[in-house]
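Below: the structure, in structure tokens.
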Amino acid sequence: MAGEDLYLVVPQQGQDPLPVYEDPAGGGTCIPVTTRGMLPPWHPQQLFDRVSVEELAQDWPNDKWKLAVNPGTPCAAYLPASAAHRGAWTRIRAQFGVRPGGLLTTHLGGPLHGPLAQGLACGAPIAVHHSVPWNELGTAFLDYAADARILHEQWSVTDPASWRQRLDQLLDAGFVPAGTEAALRARGAGTAEEEDGSSGGVPELVGTYEERFRADGLLPAGGQVKSLVALDYAHAVNLVRWGLGARYCAPPEAEQAVLRAGELAHAAYGSWQEFSAGYALGRVLAFDNGWFGTAYQEAVHIHRVLGQDPASPWANLPFA
């Protein structure tokens, strides 16, 4: 628990800042938190903030109160919160550290089979980047405030209308470089003869990355990237998840959007490996620019995690 995010209910207007309550099972006054796997289903008015045990220890208001973890569930736990106990929380948190990025996790209560799971699996690279479950479609991606902040800062989304506009653009593959995308598709169809990026051929940087992809296992020997649209479809799935977290959309609309992203991905690629190579190339063209730096290493790591981990959705779900 010390290494994980915990979730506090965001108070509604007029409510106390902390959801303090009397718990007969815990034997006194408690502040409840929820672990990620026990977050309740999506509700438009029930919001959550992430906290760590260290943050709780620093701001704890009363030595006699207890921390109630997942109260009312079979995995409930009640922790005393005296100054000495809170000091132990902080020490253990320092030992475990902040949860790292790049982890594959699965929510056993989320979709594991069928078209919705396949659509969510198209967003798995970004879920792995953030170390959140790939198949969760509900209460939060990170938390209410963080999801809204990502949408605002990275996508200029501030309300349901702008969220819908960005989603439509992503589903139309409107953010991948059009010239490069057209050149890749022409090459795949056997109609690209030019190699000069200015005249419509595949840019030289693409060939440089593809050579390195083959060496690093992102492409088979002689393999080429078919399309970059995986980048937009992966972002579309996660725009849906951020939109749910920020309460810019509701589950029925979200599910339909994820299903649509999955359909489009399956129309553009023939396998998870092809999809992964397309996502990786789109990512490094946008953020690495030939440096083979952190963005490249992250792309390789995500490809390997999703391609090789036996728990990966790409190992357990058919592509189409």
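List of remarks:
- Accessible area per residue for the range 145-266, computed on protein heavy atoms with a 1.4 Å probe, is 45 Å².
- Cα gyration tensor shape for the range 1-59, rounded if a/c is under 1.5, else prolate or oblate: rounded
- Remark on V51: its backbone amide H falls under 5 Å from those of L6, Y7, L8, a criterion applied only to residues 5 or more positions apart or on other chains, H modelled at 1.01 Å from N.
- The listed residues W242, W65, W155, once ranked by accessible area (1.4 Å probe) with the largest placed first, stand as W65, W155, W242.
- Under conditions of 4 °C and 1.567 mPa s, the range 226-320 yields 91 µm² s⁻¹ as its translational diffusion coefficient, taking Rh as the Kirkwood radius over Cα pairs in the Stokes-Einstein equation.
- In the chain, the DSSP-assigned H stretches of four residues or longer account for a calculated mean residue ellipticity at 222 nm of -15000 deg cm²/dmol, using -39500 (n - 2.57) per stretch and the full residue count as denominator.
- Distance between the range 298-316 and the range 84-139 - C-alpha centres, whole angstrom: 15 Å
- Share, in percent, of DSSP beta bridges within the chain that are antiparallel, nearest 5: 75 percent
- When Rg and the Kirkwood radius Rh are both evaluated on Cα atoms of the range 17-156, their ratio Rg/Rh stands at 1.00.
- Segments 260-272, 67-79 sorted - mean Cβ within 10 Å per residue, highest first: 260-272, 67-79
- Between amide H atoms placed 1.01 Å from N, distances below 5 Å from L219 occur with R214, all of them 5 or more places distant or on a separate chain.
- For the chain, the fraction of 1.4 Å probe accessible surface lying on carbon and sulfur atoms is 53 percent.
- In terms of overall dimensions, the C-alpha atoms belonging to the chain reach 75, 40, 33 Å along their principal axes, ordered largest to smallest.
- Heavy atoms of the protein chains alone define the surface here; on that basis the range 44-120 has 56 Å² accessible area per residue at 1.4 Å probe size.
The values are calculated or read from the model by the stated rules, or taken from the named source; none is laboratory data. Predicted, not measured: the structure shown is a model, and the values here were computed from it. Here the Cβ is made from the backbone with ideal geometry for all residues, glycine too, and neighbour counts use every protein chain on show. All accessible areas refer to the heavy atoms of the entire protein, side chains included, with ligands and DNA or RNA removed. Shrake-Rupley method; radii C 1.70, N 1.55, O 1.52, S 1.80 Å.
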